[in-house]
Amino acid sequence: MITVEEILRKQDLRGTACRRFIINGLLESDRALSENELKGDFPELFDRVTFYRTLITLEEHGIIHKIVLNDNSVKYALNSHHQNENNLHSHFHCEECDEVLCLEGKTRFEAELPDNFVSHSVFVVIEGFCADCASHIK
């Protein structure tokens with residue numbers, strides 16, 4: 001398993017406490033996490049501006065990616081879990097428990113852009129119910 005230090009070193013970033021805290025939280029989780037989920041039991045450990053700027057820095061350096069859900073809430077996941085070219089992948093959001101997972105495998109993104117348009121990123125979120133929640137819904 002890759003370590004926080006290896007991730008930061010690969011991107012030539014200093015290992016600040018906030019960067020280590022966020023990356024470690026995402027490494028320990030198998031799902032995407034919101035800002036509040038990342039902070040967990042330590043909501044006052046870092047001031048809001050420091051935390052927000054750290055998320056932006058980690059995203060700009062390709063360490064994490066942001067997932068914007070239909071209700072405009074935001075969750076974050078590590079990029080290192082994705083092996084596909086260009087890091088294009090889908091996400092699954094459970095409407096019941098609010099869990100967000102990055103989906104692996106071949107996903108085709110086909111859209112014909114108008115002439116001279118250049119795509120920067122693609123976000124696909126599949127809404128539904130995870131296996132646990134689906135078994136409770138009749």
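The values are calculated or read from the model by the stated rules, or taken from the named source; none is laboratory data. On a predicted model such as this, the values are computed, not experimentally measured, just so you know. Ideal geometry is used to build each Cβ from the backbone, glycine not excepted, and the neighbour counts take in all protein chains shown.
Worth a mention:
- Pairing residues of the stretch 53-80 that are touching a residue at least 60 places away in the same chain (Cβ under 8 Å) with residues that are surrounded by fewer than 14 Cβ atoms within 10 Å (Cβ to Cβ) and in a helix (DSSP H, G or I), at Cβ distances under 9 Å and at least 6 apart in sequence or on separate chains, gives S80/K10.
- Candidate set from the stretch 127-138 (those that are surrounded by 10 or more Cβ atoms within 10 Å (Cβ to Cβ) and charged (D, E, K, R)); member that is farthest from the chain's Cα centre (by Cα): D132
- Criterion violated by V124 - all others in (1) loosely packed, with under 14 Cβ neighbours inside 10 Å; (2) modelled with pLDDT of 85 or more satisfied: (2)
- Test: residue in the stretch 23-41 that is modelled with pLDDT of 95 or more, of a type in the set (V, I, T) and either surrounded by fewer than 17 Cβ atoms within 10 Å (Cβ to Cβ) or in a strand (DSSP E or B) (or both): no
- In the set (1) closer than 26 Å to R9 by Cβ; (2) in a helix (DSSP H, G or I), G62 fails one condition alone, (2).
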